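Computed from the coordinates by the stated procedures, all read-outs in this text should not be read as laboratory data. This structure is a prediction, so every number in the text was calculated from the model and none was measured. Note that each Cβ is placed from the backbone with ideal geometry, even for glycine, and that neighbours are counted across all protein chains shown.
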Amino acid sequence: MINNFKENIDQNLSFLKESKLLIAVSGGLDSVILAYLCKDLGLDIALAHCNFNLRGTESDSDEIFVEALAQRLDLEVFIQRFDTEAYAKSEKLSTQMAARELRYDWFNELSEQLDFDYILTAHHADDNLETFLINLSRGSGLEGLTGIPVVNGNIVRPLLPFSRETIEDYAKEQGISWREDSSNASVKYLRNKLRHEVVPILKGINPQLLQNFNKTISNLKESQHIIDDRIDVVSDDIIDVSPNDIQLNIKKIKRLNSPKAYLYELLKDYGFTEWNDVEDLLDAQSGKQILSNTHRLIKDRESLILTEIVEEDITQLSIDEIDKKITTPVGVLHFDEADAIFGKRTNIIFVDKDKLNFPLTIRKWQEGDFFFPLGMKGRKKVSKYFKDEKFSLIDKENTWLLCSGNDIVWIVNHRADDRFKVTTKTQNILKISLD
């Protein structure tokens with residue numbers, strides 16, 4: 001196995017030979033063998049072990065075993081203990097998800113502090129098959145069926161081409177001992193149920209299951225590459241990205257074969273799961289929206305608008321006469337005395353300071369708000385101004401008003417109010433600008 005492992009490193013992961021590596025070691029078969037193989041190849045490695053305190057003395061024995069392993073291999077080892085159950089309760093996570101989050105957060109923290117280039121984990125071909133079956137049983141897009149990635153950011157999995165049987169045979173040949181996690185025998189977890197009850201049946205039907213599975217994964221990955229190339233081309237034509245949102249052109253999406261499939265590929269990274277509902281937005285009324293845990297997708301006239309869900313702490317700010325600048329949700333407002341009006345930009349207005357009643361306020365617009373647009377006679381509802389200017393729903397949500405008392409001075413960064421304009425009678429000019 002050592003020769004095949006070296007060949008895999010040389011051909012596919014040669015960058016590891018020049019890198020500082022942190023190996024995640026549980027004490028189980030796979031991670032122990034990974035540590036031995038990397039040590040035999042002379043890679044620059046250290047070990048990291050998490051004690052999740054979930055199995056009493058068994059967890060402590062795992063920790064002791066990893067410490068002894070590090071001493072045997074003459075390697076530096078880092079050990080961290082976690083109160084996993086308390087963390088799971090506070091974060092409202094399953095125990096498994098809590099352990100995963102704690103583990104990778106700590107690994108990344110170690111990497112940043114001690115300049116490790118990559119974190120190695122001991123996932124192997126059987127893990128890959130189990131992940132495929134889990135995703136298949138839950139319903140997945142193509143990327144969920146392409147298996148565990150060999151390289152994912154700073155996470156590298158050098159044992160993915162090898163079966164658990166191959167790894168165990170090597171351990172026995174070399175007389176290498178490891179720890180058995182008793183929880184792996186329980187079939188209450190889906191992965192263990194597949195491992196102990198389903199996969200053995202499949203291997204019995206087809207002894208070449210893993211080899212054929214690896215070929216299938218390779219074919220699916222190549223198909224995914226073709227899809228990714230197509231999505232890149234379509235994205236340039238359909239998507240318009242701005243600082244506040246991403247807009248998808250509905251007419252162009254509907255011209256495509258299988259719009260739902262395209263929507264899935266375009267939006268799969270934003271947490272949406274109900275893809276029939278996403279497709280239905282194409283023909284929904286403006287204002288209809290769908291939420292994921294992190295984003296929302298809104299139908300607005302001829303577009304689907306994607307925005308991040310952000311909880312706003314500020315709904316209104318007060319501005320005193322002595323304030324020279326104030327930070328707002330839309331930028332920094334500056335207040336400066338001026339001798340004359342110059343330039344004409346949407347982010348700057350000049351007003352008659354003596355017409356202002358301090359403190360000023362800056363707030364979100366409300367239904368029923370009206371103002372007197374600069375240069376026009378009569379008043380206009382802010383909502384009508386938005387409609388005439390073709391503001392999207394997101395544009396409206398991100399628009400703030402600078403007010404003097406109940407009167408609007410400025411639809412910030414858009415239009416000033418005529419009542420506060422500078423005239424020949426103005427004695428004190430105030431320049432208000434947004435950065």
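The table for this structure:
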| quantity | calculated |
| --- | --- |
| Least to most buried among Leu129, Leu297 (fewest other Cβ within 10 Å first) | Leu297, Leu129 |
| For segment 231-258 and segment 97-161, distance of Cα centres in Å | 31 Å |
| Counted charge near Phe358, where neighbours are those whose Cβ lies closer than 10 Å (Asp, Glu -1; Lys, Arg +1) | -2 |
| In nm, spacing of pseudo-spin labels at Val187 and Glu58 (7 Å Cα→C-beta vector) | 1.8 nm |
| Length gained when the stretch Asp169-Ile205 is fully extended (0.36 nm per residue, less Cα-Cα span) | 10.7 nm |
| Under 18 Å from the Cα of Lys288 - aspartates and glutamates, other chains or at least 8 residues apart | Asp245, Glu274, Asp277, Glu279, Asp280, Asp300, Glu302, Glu308, Asp395, Glu397 |
| Charge sum, other residues only, whose C-beta stays under 14 Å from Leu291's C-beta, Lys/Arg counted +1 and Asp/Glu -1 | -1 |
| Folded to 0 to 90 degrees: helix 125-138 orientation relative to the chain principal axis, Cα | 50 degrees |
| Two-decimal ratio, segment 59-205, of alpha-carbon radius of gyration to 2.2 N^0.38 Å | 1.16 |
| 15 Å reach of a label modelled at Leu75, 7 Å along Cα-to-Cβ, counting backbone N of segment 128-171 | 156-159, 171 |
| Value of D in µm² per second that Stokes-Einstein yields for segment 316-434, Kirkwood Rh from Cα pairs, at 25 °C (0.890 mPa s) | 169 µm²/s |
| Above-threshold pairs, the threshold being 24 Å between Cα atoms, out of Lys252/Lys380; Lys299/Lys396; Lys260/Lys387; Lys299/Lys364; Lys172/Lys193 | Lys252/Lys380; Lys260/Lys387; Lys172/Lys193 |
| Ascending count of other beta-carbon atoms within 10 Å, so fewest first, for His414, His196 | His196, His414 |
| Counted charge near Asp10, where neighbours are those whose Cβ lies closer than 13 Å (Asp, Glu -1; Lys, Arg +1) | 0 |
| The chain: antiparallel DSSP beta bridges as a percent of all, rounded to 5 | 75 percent |
| Order of Lys377, Lys355 - criterion: other Cβ atoms within 10 Å of each residue's Cβ, fewest first | Lys377, Lys355 |
| Reachable aspartates and glutamates from Lys89, criterion Cα separation under 19 angstrom, eight or more residues apart if same chain | Glu101, Asp105 |
| Potential lengthening between His196 and Ala86 on full extension [0.36 nm per residue; Cα-Cα distance subtracted] | 36.6 nm |
| Compactness index (Cα Rg / 2.2 N^0.38 Å), the chain | 1.37 |
| Mean ellipticity per residue at 222 nm, deg cm²/dmol - from DSSP H runs of n ≥ 4 across the chain, formula -39500 (n - 2.57) | -11500 deg cm²/dmol |
| Cα radius of gyration and Dmax for segment 242-308 (Å) | 10.7, 30 |
| Per-selection Kirkwood Rh - segment 1-145 (Cα, Å, 1 d.p.) | 16.7 Å |
| All aspartates and glutamates inside 14 Å of Lys221 as judged from Cα atoms, apart from same-chain residues fewer than 8 positions distant | Glu143, Asp229 |
